[in-house]
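To start, the structure under review is shown below, and the notes come after it.
No lab work stands behind these numbers, since they all come straight from the coordinates. Computed from a prediction, not measured in an experiment: that's the story for all the values here. In this analysis, Cβ positions are derived from the backbone assuming ideal geometry, glycine residues included, and neighbour counts consider all displayed protein chains.
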Amino acid sequence: MSTAAASVGGVNRTPVPFHIHADDDVLDHLRDRLERARLLPDSPRKPWSGMSAAYLSELVESWRTFDWRARETWLNAHPQFVATVGDADIHFVHLRSARADAPALLVMHGWPHTFALQLDFADLLPDFDVVVPSLPGFAFSSPYRDGPVDEMRLATTMHQLMTEVLGYSSYLTYGEDVTANVNDLIASEHPEAVIGLIATHAHFPSSHERTVLTHPDERAFFARIADDHEAHGAYGHIQATRPDTLAAALNDSPTGLLAWLTEKLVEWSDTPRDDPRAVERRISRERILTEAMIYWLTQTIATSFRPYYEGADQAGPIEPVDVPAAVFIQRHEGDYPESLARAFYRDLRSFERLDEGGHFAVAEVPAPLAARVRSFAQEVGVL
């Protein structure tokens with residue numbers, strides 16, 4: 001598979017234009033694998049999850065007939081580049097505004113999604129310079145060549161991308177899921193460069209800090225989170241303890257990969273639980289298949305697990321943030337206590353609980369979030 005217009009390596013931080021192109025034989029092989037998929041019925045009395053045999057069968061057939069060339073064209077309409085940052089080659093979309101004085105906005109993704117799921121949101125912000133990177137080891141970014149993936153390292157990489165590679169002296173930042181703490185760390189460690197922070201996954205205290213919480217709402221929230229993790233956190237435990245075994249199966253089976261990724265999109269989105277197809281009210285089938293295709297083409301499911309088993313979770317506390325912040329609580333964490341946000345974000349300009357939008361908030365409700373980001377930028381004086 002050919003993916004880049006030019007090769008990238010060494011220590012050159014000059015961005016190199018990047019063009020996605022999957023070879024025909026790779027697409028033919030995928031269609032053949034999907035056509036010969038061995039599908040199972042639902043197990044008797046199986047517990048609820050974000051996947052069913054019927055929905056998976058539909059998705060497999062849709063992927064087999066998916067017009068990837070049309071989707072590839074759409075993706076390539078977003079200017080893409082690769083630059084070496086530290087010891088990783090970082091792929092990113094860079095949407096430049098027609099405005100000479102446009103503020104820069106860093107938009108980071110989490111797991112299991114990729115940069116592609118953030119683009120509908122980015123497209124709604126023509127008055128910003130929007131940068132949407134692929135995390136190291138995700139999609140078209142290389143993994144770090146040496147050492148673990150931890151949140152401080154990710155924060156440093158993203159900050160260097162914005163300042164040393166792209167030359168922005170200041171920028172706004174947004175992160176979610178894996179990059180929620182990265183978002184906080186960038187603002188905490190580099191306040192001179194961060195105009196403002198936007199969060200839909202607001203700050204979580206460290207494990208030790210949680211043990212000394214006294215506010216009843218805060219203790220209840222983390223008790224609920226712990227209960228949810230006990231019931232629904234098997235995916236993370238497997239990715240943290242048996243990453244290579246799981247990756248071997250998913251990298252070899254497009255059906256398995258599709259089921260594993262989509263199940264989480266279903267479970268964490270703000271949609272009814274009675275039918276997994278309801279996820280498509282927020283994240284279209286085309287977008288779901290795009291995510292699966294990027295993982296399949298790049299064979300990055302294994303390296304996407306690295307934040308889980310190498311401990312991306314911040315072990316210690318993060319210093320509170322003094323830069324302006326706007327917190328929009330997505331419905332997956334709708335009971336997040338406002339007191340936690342006010343203790344951590346010391347210049348909290350907005351705290352709001354979203355009426356719509358789950359874990360993948362900017363992907364699920366891009367227009368409302370784009371409007372809120374624009375209002376926040378106006379409030380801090382950069383629009």
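Worth a mention:
- For ARG96 and ALA278, a Förster radius of 35 Å and the Cβ-Cβ distance give a FRET efficiency of 0.45, rounded to the nearest 0.05.
- Taken about its Cα centre, the chain carries a charge dipole of roughly 400 debye when the Cβ of each Lys and Arg holds +1 and the Cβ of each Asp and Glu holds -1.
- Cα gyration tensor shape for segment 176-306, rounded if a/c is under 1.5, else prolate or oblate: prolate
- For the chain, a Gaussian network of Cα nodes joined below 10 Å ranks ASN183, ASN251, ASN76 by mean-square fluctuation, and the top entry is ASN76.
- Efficiency of FRET from Cβ geometry, GLU356 and ARG64, R₀ 35 Å, rounded to 0.05: 0.60
- Fraction of antiparallel bridges per DSSP, the chain only, in percent to nearest 5: 40 percent
- A simple packing score, the average count of other Cβ atoms within 10 Å per residue, orders the peptides 329-342, 146-159 as 146-159, 329-342, with the highest score first.
- Sites THR211 and ALA234, calculated FRET efficiency, Cβ-Cβ separation with R0 35 Å, nearest 0.05: 0.90
- Against the rule of thumb 2.2 N^0.38 Å, how large the Cα Rg of the chain comes out: 0.96
- Cβ-based charge dipole, the chain, positive-most Cα from LEU383, PRO276, ALA361: PRO276
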